[in-house]
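Please read the structure below before turning to the comments.
The values are calculated or read from the model by the stated rules, or taken from the named source; none is laboratory data. None of these values were measured; they are calculated from a predicted model. No Cβ is skipped: glycine too gets one built from the backbone with ideal geometry, and neighbour counts run over all protein chains shown. The area values use the complete protein model at the heavy-atom level, side chains included, leaving out ligands, DNA and RNA. Shrake-Rupley method; radii C 1.70, N 1.55, O 1.52, S 1.80 Å.
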Amino acid sequence: MTRVFSGIKPTGHLTLGNYLGAMRRWATVDQHRAEALFCVVDLHALTVDHDPARVRRVSRQAATLLLATGIDPGLCTVFVQSHVDEHARLSYLLECVATDGEMRRMVQYREKAARERDRGGSVRLSLLTYPVLMAADILAHRTDEVPVGDDQRQHVELARDIAARFNQRYGHTFVVPRATHPEVAARVMNLQEPSSKMGKSDDSGPGIVYLLDEPDVVRRKIGRAVTDSGQDVRHDREERPGVTNLLEILAACTGGDPEALAGTYSSYGALKKDTADAVVEVLRPVRDRHRELCADPSYVEGVLRDGAARARAVARPTVDAAYRAIGLLPPVPEPALNAAR
Ligand code: TRP
């Protein structure tokens with residue numbers, strides 16, 4: 001069976017963009033057609049300035065929200081990255097296969113590092129090596145497909161290159177993965193800045209709808225979304241980015257076609273109202289289920305405990321094989337204790 005792996009980084013509260021762009025499909029499609037692993041990739045949250053208590057809180061919330069979106073631990077594996085040592089163990093080996101030049105070419109690194117330096121801050125070494133850890137996440141589990149947003153395409157390409165290079169140098173060890181994208185990828189942009197994506201790390205509240213926002217907050221944010229000068233409702237990313245973003249969100253929530261929907265509106269106000277209503281309805285079951293799960297923390301803990309055990313069992317043999325293949329001496333086994341006893 002096809003194996004699917006994806007991760008969410010607990011750097012901030014999950015947004016409507018995360019949900020419509022990726023997570024919704026994990027629950028509705030991927031977990032039913034493949035052997036899927038969904039991971040809260042908490043080690044990745046340490047690549048930028050972080051507050052330990054917040055990372056812990058957001059990680060727990062992300063795991064709970066994964067379940068709230070309908071991801072079913074009876075069908076797939078849900079776990080926290082740092083609970084499974086194999087990820088970090090493999091990452092070091094892959095650092096010995098990837099090159100410094102490859103890392104510095106990564107667009108996301110260049111952008112984030114530049115932003116950090118502009119602020120006069122320092123850049124953590126782990127921000128540079130982060131795509132190698134991501135490759136380890138993917139390769140440790142012999143992943144075939146990685147369903148991710150467009151911005152992660154380059155990182156998955158790198159994981160492919162590393163896998164192929166390792167296999168070629170040291171013998172066949174890894175499955176070479178590929179990125180997959182939903183045919184109708186909802187690309188949700190920031191409501192206040194429709195030229196940039198609705199990212200969770202930005203934390204500039206008014207342009208971002210969080211999965212756990214109350215309905216009146218959702219309505220207010222969408223009501224205040226920037227629209228474009230001009231009056232007509234047109235689907236046009238260049239000329240009408242604000243209105244186009246609302247059409248995309250509405251279409252993703254209702255299953256409609258954004259261009260066709262444009263023709264049915266003659267005012268921005270009506271479009272905003274319908275979009276807000278649609279978003280509130282889409283988020284309602286997620287919020288309700290999240291509330292139920294929060295009332296039962298031991299259930300979520302049990303899911304994560306079982307998930308980590310399963311993930312370890314999947315990853316261990318592959319990571320051990322990589323240690324052998326690359327030339328590390330196998331640990332000397334204990335003398336047969338059982339026989340002695
Ligand atoms: N880098 C991804 C992001 O920022 C998160 C991630 C980490 C991931 N490891 C992964 C996604 C492995 C898919 C597979 O969104």
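Quick one: net charge around residue 298, please, counting Lys, Arg +1 and Asp, Glu -1 for every other residue with C-beta under 14 Å from its C-beta.
-2
Could you report the accessible area of residue 294 in Å², rounded to 10, computed with a 1.4 Å probe on the protein chains as they sit in the structure?
Estimated to the nearest 10 Å², residue 294 gives 80 Å².
Say each of residue 196 and residue 229 gets a label point 7 Å from the Cα, pointing the same way as Cα to Cβ; how far apart are those two points in nm?
Distance between label points: 2.3 nm.
Counting only other residues whose beta carbon sits under 14 Å from that of residue 211, what net charge do I get with K and R as +1, D and E as -1? Mind dumping the intermediate values first?
Details: positive: 24, 200, 221, 284, 287, 289, 291; negative: 213, 214, 281, 288.
Summing Lys and Arg as +1 and Asp and Glu as -1 gives +3.
Quick check: net charge around residue 5, other residues with Cβ under 12 Å of its Cβ, Lys/Arg +1 and Asp/Glu -1?
The answer is -2.
What's the FRET efficiency of residue 124 with residue 150 using the Cβ-Cβ distance as r and R₀ = 22 Å, to the nearest 0.05?
Working from the Cβ atoms, E equals 0.35.
Among DSSP beta bridges whose residues both lie in the chain, state the antiparallel percentage, nearest 5.
Around 10 percent antiparallel, to the nearest 5.
Compute the angle between helix 297-325 and the longest alpha-carbon principal axis of the chain, please, reported from 0 to 90 degrees and rounded to the nearest 10.
Result, in degrees: 50.
Where in the stretch 20-41 does the amide nitrogen come within less than 11 Å of the point 7 Å from the Cα of residue 257, taken along Cα to Cβ?
Within reach of a label on residue 257: no residues.
Using the alpha-carbon atoms, what tilt in degrees (0 to 90, nearest 10) does helix 125-140 show relative to the longest principal axis of the chain?
Approximately 70 degrees, to the nearest 10.
Helix-only estimate, please: 222 nm mean residue ellipticity of the chain, summing -39500 (n - 2.57) across DSSP H runs of length 4 or more and dividing by its residues, to the nearest 500.
For the chain, the value works out to -16000 deg cm²/dmol.
Note down the nm distance, to one decimal, between modelled labels 7 Å out along Cα→Cβ at residue 292 and at residue 320.
About 4.0 nm separates the two model spin labels.
Specify the angular offset, from 0 to 90 degrees and rounded to the nearest 10, of the alpha carbon long axis of helix 268-294 from the longest principal axis of the alpha carbons in the chain.
Rounded to the nearest ten degrees, it is 40.
Using a 1.4 Å probe over the heavy atoms of the protein chains, calculate the carbon and sulfur portion of the accessible area of the chain as a whole percent.
Numbers: 8310 of 16380 Å².
The computed percentage sits at 51.
Take every Cα pair under 8 Å in the chain that's 6+ residues apart, average their separations, divide by the length, and report that relative contact order as a whole percent.
About 22 percent, as a whole number.
What order, most packed first, do the peptides 120-129, 152-161 have when packing is the mean number of other Cβ atoms within 10 Å of each residue?
152-161, 120-129
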